[in-house]
1. Check each of the trypsin sites (Lys or Arg not before Pro) in region 37-82 and keep only those in coil by DSSP with at most 12 other C-beta atoms within 10 angstrom; list them in order.
2. Given R₀ = 35 Å, FRET efficiency for Glu14-Thr169 by Cβ-Cβ distance, to 0.05?
3. Please list the equivalent ellipsoid semi-axes of region 19-86, computed as the square roots of five times the alpha-carbon gyration tensor eigenvalues, in descending order and whole angstrom.
4. Quick one: of Lys96/Lys186; Lys146/Lys186; Lys22/Lys155; Lys16/Lys151; Lys96/Lys155, which pairs are farther than 23 Å apart, Cα to Cα?
5. Over the chain, what percent of the accessible surface lies on carbon and sulfur atoms, probe 1.4 Å?
6. Check each of the trypsin sites (Lys or Arg not before Pro) in region 87-124 and keep only those in coil by DSSP with at most 10 other C-beta atoms within 10 angstrom; list them in order.
7. Show me, for region 32-44, the HN-Hα J-couplings you get by feeding each phi into the Karplus relation (A = 6.51, B = -1.76, C = 1.60, θ = phi - 60°), rounded to Hz, glycine and proline as x.
8. Mind checking which of Ser36, Tyr102, Met1 is farthest towards the positive end of the chain's charge dipole, using Cβ charges of +1 (Lys, Arg) and -1 (Asp, Glu) about the Cα centre?
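The values are calculated or read from the model by the stated rules, or taken from the named source; none is laboratory data. Everything quoted here is computed from the prediction, not taken from an experiment. Here Cβ is always computed from backbone atoms with ideal geometry, including for glycine, and neighbour counts include all displayed protein chains. We work out accessible area using only protein heavy atoms, side chains counted, and drop any ligands, DNA or RNA first. Shrake-Rupley method; radii C 1.70, N 1.55, O 1.52, S 1.80 Å.
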Amino acid sequence: MNFAKFFNEFPVIETKSVRLRKLRLEDAQQLVDYYSNENVYRYLDWYGPETLERSYEVINMWNEGYDEGWIIRFAVADKETDTIIGTIFLSEFEGKRADIGYELSENYWRRGIMSEAVQEVLSLGFNQLGLTRIQAFVTGENIASKEMLEKFNFKEEGFLRKFETHNVTDEIRDMFIYGLLNIEFK
Ligand SMILES: CC(C)(COP(=O)(O)OP(=O)(O)OC[C@H]1O[C@@H](n2cnc3c(N)ncnc32)[C@H](O)[C@@H]1OP(=O)(O)O)[C@@H](O)C(=O)NCCC(=O)NCCS
């Protein structure tokens, strides 16, 4: 996806509670900190950046990924302090399709924060980038994420046996695939 075709610079989006903005190297320590909680990474395919150096690397990788067109990954930042409390992204662009993913510091769960971010990122994907389909891969145990997707009208489309290999442990997991079409997005 050639983001430069749609945006002069990396977009900044304000919701009721948070600001979605470009990640910065100053966010690196906070990213390590909230990812050090097993509840945050349990259902993901990595443990997050475990050191400050690795955190710098992934932030650079994601920001370069925006320039290269394979990911748009936003910091989810507290509006008052601008401190990063999570991230949300679209990636794996293929034609008019992309994947969505997100994670939030456990201190901020169940306040509707990621719902606000998901609403804006779906709108950006469908209404600004012109996608027709956004999909997500979720483990069966990840009730919070499944409920979130269903709240946004994503349809459970299939069960993918032995689909995902964990980047650190090599554990292989079954996943559910969820999909949402532009015409189903409200
Ligand atoms: C998934 C996650 C981002 C949700 O963030 P959140 O800000 O707490 O979500 P919200 O408060 O906006 O909740 C949205 C909906 O998700 C569902 N939900 C969220 N947490 C839930 C939980 N613990 N149990 C059941 N449903 C839950 C609810 O349907 C909720 O809607 P409601 O509040 O109107 O009932 C958060 O739990 C997280 O970071 N988990 C770890 C990372 C992860 O697994 N990411 C997804 C990988 S596929």
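1. Numbers: sites: Arg42, Arg54, Arg73, Lys79; in loops: Arg42, Lys79.
In loop regions of region 37-82 (DSSP not H, G, I, E or B), the sparsely surrounded trypsin sites (Lys or Arg not before Pro) are Arg42, Lys79.
2. Details: r = 38 Å, r/R0 = 1.08.
For R0 = 35 Å, the calculated efficiency reads 0.40.
3. With the √(5λ) rule applied to region 19-86, the semi-axes are 18, 16, 12 Å.
4. On the way: Lys96/Lys186 18 Å; Lys146/Lys186 18 Å; Lys22/Lys155 30 Å; Lys16/Lys151 18 Å; Lys96/Lys155 18 Å.
Table pairs above 23 Å Cα-Cα are Lys22/Lys155.
5. On the way: 4450 of 9810 Å².
About 45 percent, which is the carbon plus sulfur part of the accessible surface.
6. On the way: sites: Lys96, Arg97, Arg110, Arg111; in loops: Lys96, Arg110, Arg111.
Taking region 87-124 and a limit of 10 other Cβ atoms within 10 Å, the loop trypsin sites (Lys or Arg not before Pro) found are Arg110.
7. With coefficients 6.51, -1.76 and 1.60, one gets 4, 5, 6, 6, 6, 8, 4, 5, 7, 9, 3, 9, 8 Hz.
8. Result: Met1.
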